[in-house]
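Take a look at the structure below.
The values are calculated or read from the model by the stated rules, or taken from the named source; none is laboratory data. Note that the structure is predicted; figures quoted are calculated from it, not measured. We place every Cβ from the backbone using ideal geometry, glycine too, and count neighbours over all the protein chains shown. Ligands, DNA and RNA are excluded from the accessible area calculation, which covers all protein heavy atoms including side chains. Shrake-Rupley method; radii C 1.70, N 1.55, O 1.52, S 1.80 Å.
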Amino acid sequence: MTSPLRADWLQAVKAHQTQNYALAKVQFTQLIPYGNKDAAFNLATMHLYGEGIAVDYSMALAYFKLGAALGHTNTVEVIAQLQQNLDDTQLARADQELVKLQHVARWWLLPHSSNIDAVLSPSPIKREAPLYPLNAYRTGAIGYVTLRFLVDEQGVVKTAKVMDAFPEKTFDQSALRALKTWRYEATGAKQILTTRLDYSLNEELNIDAVELLIEQHQLWRGALLGSAQHQFLLGSLLQLLDTQKVKLSVIDNDMPVSAKLDLSAFRTMSQVTADFSGFVGNAEVRVAEDGTIIELLRTDFSDENKLQTLIGLKLTGTLESDVYRLNRSAERQTESVLVMPIMTIPPSLTARFWWDKAARNGSKAAQRIVAPHDQRWEHILVEEQDAEAMAWAGSRMLLEGDREAGLALLEAAIAKQYTPALELKRLLM
């Protein structure tokens, strides 16, 4: 896989370490629009110590303040010291320069409330499984394809584009063909949606092989060091693991990034069963060490359910979690209760965590992946004249009633020969 890079955090750091300050300054500066707090901090120190440039305490203070606003935690003391030592003229200039820098990084300094994922989407009423490509079947390949597409007023998929796929180009055409046959509930309005199609041969994913792949290519180490390309590829492998996992996960944002890779959350756990006659519905429960249910976290009993409570009942098997989800539908009352462990994992075991970091460190591919879910990245890509971002942002604007601005972006994407833009314009005009 490849990920087109322009500014790159790791390359900027290497340039700085080898005293190629001119290149370091250019690359750190290119990362400021992406809200990279470390780039702001490093530019501050370059101005503070005169690394490749004249010492400039006002610019240093401006960059330190920007880094603090972006979330850097090692700026309090140096900001206080500079503010104490600079005269009124220097402080006034620092404030002026800070205003300019804040404009460059403005999307990361405004309150963030826009999340495209939060928009209510129509439900699919017909979903045909994609055909497994013959070559992929022969080689045992598994993977996923994430697509963005336009649905018309009747729920028909009209045009689609692959956003992200792993492995590259293996399942793309299969996914596109399958998606074109889907139907969504008719809402009377066109909508832009995203979905992920997973490809598996119903065999257990070899976690050891994935772990070895990550270690061989030093993806975890490179990601921790700040390499955008390593972060991008690590995100893709974690997304692949997510498509195959047999557990439910809850992300704890307070959990730190581990210095050592640990994929145990993706490994198959020992089978746990629940012999609960009369239980029908869904429940999330907390259990004691012996498997006895001690707390109901969430319940959604069906009308056919005959149990008044699950408290005191016992799960059997080797427990490796203290929280489980139980499910048995009314149509499958004669079958066993499905028992799924719920694991608490750090954000660093999710693709989105590393794609976000790769995006801030300069990966254009990562920026395009996260843009449909975060309009801040969409704004940035549009400002950089990215054809793909302009086409889909323009389409969204047209759907929202901003005809002039939306059409202008579509026309700009067409001028850059982004093929889907032509189809989007035809469908939306």
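Points worth noting:
- The range 246-263, residues that are at pLDDT below 85 and surrounded by fewer than 16 Cβ atoms within 10 Å (Cβ to Cβ): Val246, Leu248
- Restricting attention to the range 325-360, the residues being polar (S, T, N, Q), farther than 17 Å from Gln244 by Cβ and either within 21 Å of the chain's Cα centre (by Cα) or open to solvent by less than 70 Å² (accessible area, probe 1.4 Å) (or both) number 4.
Residue-by-condition table, conditions (1) over 28 Å from the mean Cα position of the chain (by Cα); (2) over 19 Å from Gly226 (Cα atoms); (3) β-branched (Val, Ile, Thr):
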site	(1), (2), (3)
Lys14	no, no, no
Leu31	no, no, no
Phe41	no, no, no
Ser58	yes, yes, no
Leu61	yes, yes, no
Lys65	no, yes, no
Glu77	yes, yes, no
Asp95	yes, yes, no
Val99	yes, yes, yes
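- Residue match in the range 190-208 (condition: under 22 Å from Glu423 (Cα atoms) and either modelled with pLDDT of 95 or more or in a loop (DSSP other than H, G, I, E, B) (or both)): yes
- For the range 413-427, filtering for residues that are assigned to a helix (DSSP H, G or I), in contact (Cβ under 8 Å) with a residue 24 or more places away in the chain and open to solvent by 30 Å² or more (accessible area, probe 1.4 Å) leaves 1.
- Residue among Thr419, Thr350 that alone is touching an Asp or Glu at 6+ places or on another chain (Cβ under 8 Å), polar (S, T, N, Q) and under 20 Å from Ala165 (Cα atoms): Thr350
- Residue within the range 362-374 that is surrounded by fewer than 17 Cβ atoms within 10 Å (Cβ to Cβ) and over 22 Å from the mean Cα position of the chain (by Cα) present: no
- Selected residue (only one of Pro122, Pro130, Pro111 is part of a loop (DSSP other than H, G, I, E, B), open to solvent by less than 20 Å² (accessible area, probe 1.4 Å) and either of a type outside the set (Gly, Ala, Ser) or touching a His at 6+ places or on another chain (Cβ under 6 Å) (or both)): Pro122
- One residue from Arg286, Arg196, Arg267 being in contact (Cβ under 8 Å) with a residue 40 or more places away in the chain, within 16 Å of Met343 (Cα to Cα) and open to solvent by 50 Å² or more (accessible area, probe 1.4 Å): Arg267
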